[in-house]
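What follows draws every value from the coordinates through simple rules; no lab data is involved. All figures in this text were calculated on a predicted structure; none of them were measured in a lab. Neighbour counts run over all protein chains shown; Cβ positions are idealised from the backbone, glycine included.
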Amino acid sequence: MSDSKSKFNLMENKVSCSFSFLLLPALFSACQSGTPVKQKPLNIIHIMTDDHSYQTLSAYGHPISQLAPTPNLDRLANEGILFRKAFVENSLSTPSRACLMTGLYSHQNGQRQLGKGIDTTNVFFSELLQQQGYQTGVVGKWHIQCEPKGFDFYHILWDQGDYYNPEFRSPQSNGKYIQEEGYATTLITDHSIRFIEECEKDKPFCLLVHHKAPHRNWMPDTPYLELYKDVEFPYPDTFYDDYTTRCEAARSQEMSIEKDMTLVYDLKLDNLKDDPENAAQWTTQSLLNSFERMTEEQKNAWFEAYTPRNEEFVRQNLTGDDLLKWKYQEYLKDYVRCIKTIDDEIGRLIDYLEQVHLLENTVIVYTSDQGFYMGEHGWFDKRFMYEESFRTPLIIRHPDMKKGIESEFLVQNIDYAPTYLDIAGIEKPEEMSGRSLLPLLEGGKPANWREYLYYHYYDYPAVHQVRRHDGVRDERYKLIHFYGEGAGTDPDINCNELYDLIADPHEINNVYGNPQYEAVTVRLQTELDRFRTDLKVDEY
Ligand code: SGN
Ligand code: CA
């Protein structure tokens, strides 16, 4: 742990009453009574999964999640605030993580695409917390193409990381990734608890717990390989979306369950590995690699569960809609099995905090790096500004704020950095675009809360071939503009979509150009232009 001189030592003797009292009620009462206090600022735990859809977190109430509930996450929601309109700015891993660390939009922090871009001259909020005397740690998926900045402790996965027996790098491993035996979600929780155990007790900590699960290719842990085996999950209303009324982008994506979800790599049909049509996935996307990493015991459990299913699949010789439905059901089962371990392990972390009397001294945030399609529009993956991937789950449990409430205010992942600085009583740097969420945690309507969100996706051409787009969303409407030159045989694109989210919550009816919506279109276009100008957006 850092031995940097703690700024909180100052506070132990005499607390300045100009400190952020809203955040520290105990401190406030002590100040009012003139008694010297020994209270330190709250600890912060930011738990972020990779690709967790709000549709599979049962506190949100979606039918899929009612068949595969998440009791520990629901506990967090019951003891905190559930955000129903939480969004990302760019629905992709590294851009989302860069928004988290900097409080800046993608074009401001440089990380527009998955594989490149971060401008490391930007301040990370972790650096400011560290300077303030916080003990800072990050465990799990880091993924940004730079060293963890502003951390006393890190224990990070290689790139996307592996589910079984993954490699981690820490300051002690001299730049090497070292393999550990176990399942990623459990190991990440173990290392998180170890970090907390080793923290100095008289200083606050901020820990980022970044899970790999439930990222593609959705490999569950051994106790859950057959969980939900006999459940039939409901099909989304837009499962057979034919994309009429929409721009070319919705048609030309490569993230369809029918066409792009693979049988060997995604659906674990290892018995098709020699089949000429499917063979490539065995070595290129590499289910083989996942199996080679497993211990004998893990492999035995895996094959015991999947072999009968795989043999049955070959016997059935499914085609057409039957095959599509089989893929959807099996995809969902593996995905929610991964969520089950996430939920267990978050429960374990909360129980640990309770045991060591830290629960009432710690702000716990649960979110994902973006949302995910659970078959809506026929898709998996994310990237689009449509709700399922633009939105993300968000729960904040703050020990001194309202419990069991929901918020409908528009919030975005650029808001985390300012929020964490606010909790620590640090003024946010002027250039940070996000806003502290603390005023929302009391449940009231804060003055001048934002009415519009800006979104921008840049990673094209790339895997899944989602075209570049930006857009704005307010409470009810969403305007999206797809743009840019087409790669290869793709056409150039310059096309708008407008959705009325009350009349059309599933976004299948693009009303751009409909005279009834002219006033709304003008208003949203004005806001979009304003964002582009004010934020100095350089492509659209
Ligand atoms: C990998 C996945 C993609 C996924 C990206 C980004 N393919 O490339 O399906 O969209 O990561 O995901 S895989 O064959 O490697 O599984 S992100 O969460 O990191 O943004
Ligand atoms: Ca992700």
**Asked** Of all trypsin sites (Lys or Arg not before Pro) in segment 142-190, which ones are in loop regions per DSSP and have a Cβ with at most 12 other Cβ atoms within 10 Å?
**Response** Lys176
**Fill in**
Diffing segment 377-386: the Karplus 3J(HN,Hα) column from phi (6.51, -1.76, 1.60, θ = phi - 60°), in whole Hz with x for Gly and Pro, holds 6, x, 10, 10, 6, 8, 6, 6, 7, 5
**Prompt:** Lys403: which aspartates and glutamates have alpha carbons under 15 Å from its alpha carbon, excluding same-chain residues fewer than 8 sequence positions away?
**Reply:** Asp74, Glu79, Glu360, Glu442
**Request:** Per residue of segment 437-445, in order, report the coupling 6.51 cos²θ - 1.76 cosθ + 1.60 (Karplus, θ = phi - 60°) as ³J(HN,Hα) in whole Hz, putting x for Gly and Pro.
**Result:** 8, 4, x, 7, 6, 8, x, x, 9
**Fill in**
Percent antiparallel among DSSP beta bridges confined to the chain, nearest 5, equals 55
**Message:** Between Glu518 and Ala462, how high is the FRET efficiency from 1/(1 + (r/R0)^6) when r is the Cβ-Cβ distance and R₀ = 30 Å? Nearest 0.05.
**Reply:** 0.30
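Counting other Cβ atoms within 10 Å, keep those with at most 16, restrict to DSSP loop, and tell me which GluC sites (Glu not before Pro) in segment 480-520 are left. Mind showing how you got there, number by number?
Details: sites: Glu485, Glu497, Glu507, Glu518; in loops: Glu485, Glu507.
When the GluC sites (Glu not before Pro) of segment 480-520 are filtered for loop state and at most 16 Cβ neighbours within 10 Å, Glu485 remain.
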**Item:** Two-decimal Rg to Rh for segment 431-540 - Kirkwood Rh, Cα set
**Value:** 1.02
**Request:** Kindly list the residues of segment 147-168 that lie in the label zone of Glu296, defined by a backbone N under 19 Å from the point 7 Å along the Cα-to-C-beta vector.
**Result:** 165
**Item:** Relative counts (whole %) of C-alpha pair distances in segment 114-188, using bins that are 5 Å wide
**Value:** 3, 15, 24, 21, 20, 11, 5, 0
**Sequence-distant residues sharing a close amide H with Trp379 (under 5 Å, placed H)** = Ile257
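Could you give the length gained on full extension between Glu79 and Asp202, defined as 0.36 nm per residue of separation minus the Cα-Cα distance, in nm? Present the calculation step by step, with values, prior to reporting the outcome.
Working: separation 123, 0.36 × 123 = 44.28 nm, distance 2.56 nm.
41.7 nm is the gain from fully extending Glu79 to Asp202.
Quickly estimate the mean residue ellipticity at 222 nm for the chain, helices only: each DSSP H run with n ≥ 4 gives -39500 (n - 2.57), and the total goes over all residues, rounded to 500. It would help to have the intermediate numbers written out before the result.
On the way: 16 runs with 166 residues, N = 540.
It comes out at -9000 deg cm²/dmol, rounded to the nearest 500.
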**Request:** Please list, in chain and number order, the residues 5+ apart from Asp500 or on another chain whose amide H is under 5 Å from its amide H, with Hs placed from the backbone.
**Result:** Val511
**Request:** Over the alpha-carbon set of the chain, work out the extent along each principal axis and list the three values in angstrom, largest first.
**Result:** 77, 64, 40
**Fill in**
In order over segment 464-481: 3J(HN,Hα) from phi, Karplus 6.51/-1.76/1.60, θ = phi - 60°, whole Hz, x for each Gly or Pro, gives 6, 6, 8, 6, 4, 7, 10, x, 10, 9, 10, 3, 10, 10, 9, 10, 10, 10
**Fill in**
When Phe482, Phe372 are arranged by how many other beta-carbons sit within 10 Å of their Cβ, fewest first, they go Phe482, Phe372
**Asked** Using modelled amide H (1.01 Å from N, peptide plane; none on Pro or chain starts), what sits under 5 Å from the amide H of Glu406, excluding residues fewer than 5 places away?
**Response** Leu82
**Message:** Within segment 403-432, list the residues whose amide N lies under 15 Å from a label point set 7 Å along Cα→Cβ of Glu475.
**Reply:** 407-411
**Fill in**
Scoring only Lys, Arg, Asp and Glu (+1, +1, -1, -1) among other residues with Cβ under 14 Å from the Cβ of Arg75 yields -4
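How large is the Kirkwood hydrodynamic radius of segment 345-502, counting all unique pairs of alpha carbons, in Å?
18.3 Å is the Kirkwood radius here.
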**Prompt:** In nm, to one decimal, how far is the Asn509 label point from the Asp190 one, both placed 7 Å along Cα→Cβ?
**Reply:** 5.4
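Over segment 395-540, what relative contact order in percent results from Cα pairs under 8 Å that are six or more residues apart? Present the calculation step by step, with values, prior to reporting the outcome.
On the way: 190 pairs, mean separation 21.6, N = 146.
Relative CO of segment 395-540 lands at 15 percent.
How would you rank Lys325, Lys141, Lys203, Lys403, going from fewest to most other Cβ atoms within 10 Å of each one's own Cβ? It would help to have the intermediate numbers written out before the result.
Working: Lys325 16, Lys141 29, Lys203 20, Lys403 13.
Placing the least packed residue first, the sequence is Lys403, Lys325, Lys203, Lys141.
If neighbour count is taken as other Cβ atoms inside 10 Å, put Tyr240, Tyr177 in order from fewest to most.
Values: Tyr240 12, Tyr177 16.
In order of increasing Cβ crowding within 10 Å: Tyr240, Tyr177.
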